[in-house]
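Encoded as structure tokens, the structure appears first; notes follow it.
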Amino acid sequence: MKKIGIIALALFIQQVSAQTNRFVYQVTMKPDAENKTDIKTENTYLDISQEKSIFYSENRIKRDSIMQKAFQGGGGRGNINRDQMESLRTNINYSVEKDKTNQKTYFKDRIGRDIYSYEEDRPLAWKISSETTKIGEYKVQKAETDFAGRKWTAWFTTDLPYQDGPYKFGGLPGLIVKVEDDKGDYSFDLMKNYKIAELPTLNQFGNTLKVKRTDFIKQQQKFKTDPMSFMNQGGGPGGMAAVTRIGGGRGQGGGNQDPADMRKRMEERVKEEAKKNTNPIELQ
């Protein structure tokens, strides 16, 4: 009986340690450079397991769930509640994955039909201050860095056994509780945390294409300039030369829709989104 009790305890400890911890951050953004009074807020998840962490939008995973159920039900996109999807619109369509084994950070975002993935090639150089304070229940310490054209101030805690943070931020001797840029355009604030069974699988409709960061920026600009030509030509003339196809997925077929109407609506949507997103989180 004693041996059984020890085995049960060991299994319990193993199960607890294998669980994933979810940290919920509220992101506050001013994406429109011409209208700083247009402030967007939404919740994001930083899910941390023993092997890696994933940062993504709460609305993104909810939208993915709705689409997955629609396709599984055999109705395709025609079976999706448009009003429900509209209520789950997000300014954070990307995801950021940090691999603890190789200490690398991967950024994924959709351009047109496909997901583009690149490895972040700019290491974060933190300057840790002796200044401390308290945010909520956590004792935190100050750190600063310059990244992607912005000056960032972070507050991290060693009260939790993680060296991670929202977005691409990490590498500090603790978990980042708050990080914001000096212009007040973007901030990430830890709201709560709880355990989940395992890391979720984000739906990847379309193919996943592995590129360099500089190539991702070029492809993104091509899509904004002429979205339909980009999609028809596979990223533009020569645009896919540096791309490696690393996965497959379901395309985003639109059924029996008029091509000219599709082109017009897509161009209008892309241009409208571009107008409202002239102040990106990364300026360089």
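Just to be sure, is Ser229 open to solvent by less than 40 Å² (accessible area, probe 1.4 Å) and free of Cβ contacts under 8 Å to residues at least 60 places away in the same chain? It would help to see each step written out before you state the result.
Working: open to solvent by less than 40 Å² (accessible area, probe 1.4 Å): yes; free of Cβ contacts under 8 Å to residues at least 60 places away in the same chain: yes.
Judged against the criteria, Ser229 is a match.
If you check Gly206, Gly239, Gly248, which single one turns out to be surrounded by fewer than 16 Cβ atoms within 10 Å (Cβ to Cβ), over 30 Å from Lys36 (Cα atoms) and modelled with pLDDT under 85? It would help to see each step written out before you state the result.
Details: Gly206 fails: surrounded by fewer than 16 Cβ atoms within 10 Å (Cβ to Cβ); Gly239 fails: surrounded by fewer than 16 Cβ atoms within 10 Å (Cβ to Cβ).
Going through Gly206, Gly239, Gly248 in turn, the sole match is Gly248.
For the list (1) open to solvent by 10 Å² or more (accessible area, probe 1.4 Å); (2) modelled with pLDDT of 85 or more; (3) touching a Pro at 6+ places or on another chain (Cβ under 8 Å); (4) under 21 Å from Ser117 (Cβ atoms), I need the number of the one condition that Ile61 fails.
All conditions pass for Ile61, except number (2).
Against the condition closer than 20 Å to Ile281 by Cα, open to solvent by less than 70 Å² (accessible area, probe 1.4 Å) and in a strand (DSSP E or B), how does Ile176 come out, does it pass? So that I can check it myself, show each step before the final result.
Values: closer than 20 Å to Ile281 by Cα: yes; open to solvent by less than 70 Å² (accessible area, probe 1.4 Å): yes; in a strand (DSSP E or B): yes.
Yes; evaluated as a whole, the condition is true for this residue.
Looking only at the range 179-192, which residues are open to solvent by 60 Å² or more (accessible area, probe 1.4 Å), more than 16 Å from Arg22 (Cβ to Cβ) and in a strand (DSSP E or B)?
Residues of the range 179-192 open to solvent by 60 Å² or more (accessible area, probe 1.4 Å): 180, 182-183, 191-192.
Imposing the further condition that a residue be more than 16 Å from Arg22 (Cβ to Cβ) reduces the set to 180, 182-183.
Answer for the range 179-192, where residues must be open to solvent by 60 Å² or more (accessible area, probe 1.4 Å), more than 16 Å from Arg22 (Cβ to Cβ) and in a strand (DSSP E or B): just Glu180.
Restricting attention to the range 111-135, and to residues there that are modelled with pLDDT of 95 or more and small (Gly, Ala, Ser), which single residue is most open to solvent (accessible area, probe 1.4 Å)?
Checking each candidate, the answer is Ser130.
Considering every residue within the range 137-147, establish whether at least one is open to solvent by 30 Å² or more (accessible area, probe 1.4 Å) and under 18 Å from the mean Cα position of the chain (by Cα).
Within the range 137-147 (the criterion being open to solvent by 30 Å² or more (accessible area, probe 1.4 Å) and under 18 Å from the mean Cα position of the chain (by Cα)), the answer is no, since none of the residues qualifies.
Out of all the residues in the range 251-274, which are open to solvent by 60 Å² or more (accessible area, probe 1.4 Å), modelled with pLDDT under 75 and under 21 Å from the mean Cα position of the chain (by Cα)?
Gln252
Quick one: how many residues across the range 193-203 are open to solvent by 60 Å² or more (accessible area, probe 1.4 Å) and modelled with pLDDT under 95? First the steps, then the outcome.
From the range 193-203, those open to solvent by 60 Å² or more (accessible area, probe 1.4 Å) are 193-195, 197-198, 201; that's our starting set.
From what is left, the residues that are modelled with pLDDT under 95 are 197-198, 201.
Qualifying residue count for the region: 3.
Can you spot a residue in the range 211-222 that is at pLDDT 95 or above, among the acidic types (Asp, Glu), buried (at least 17 other Cβ atoms within 10 Å of the Cβ) and assigned to a loop (DSSP other than H, G, I, E, B)?
Checked against the condition, which is being at pLDDT 95 or above, among the acidic types (Asp, Glu), buried (at least 17 other Cβ atoms within 10 Å of the Cβ) and assigned to a loop (DSSP other than H, G, I, E, B), the range 211-222 yields no hits at all.
The values are calculated or read from the model by the stated rules, or taken from the named source; none is laboratory data. In this text the structure is predicted, and so the values were computed from the model without any measurement. Counting neighbours? That spans all protein chains shown, and the Cβs are built from the backbone with ideal geometry, glycine included. These accessible areas exclude ligands, DNA and RNA; they are computed on the full protein's heavy atoms, side chains included. Shrake-Rupley method; radii C 1.70, N 1.55, O 1.52, S 1.80 Å.
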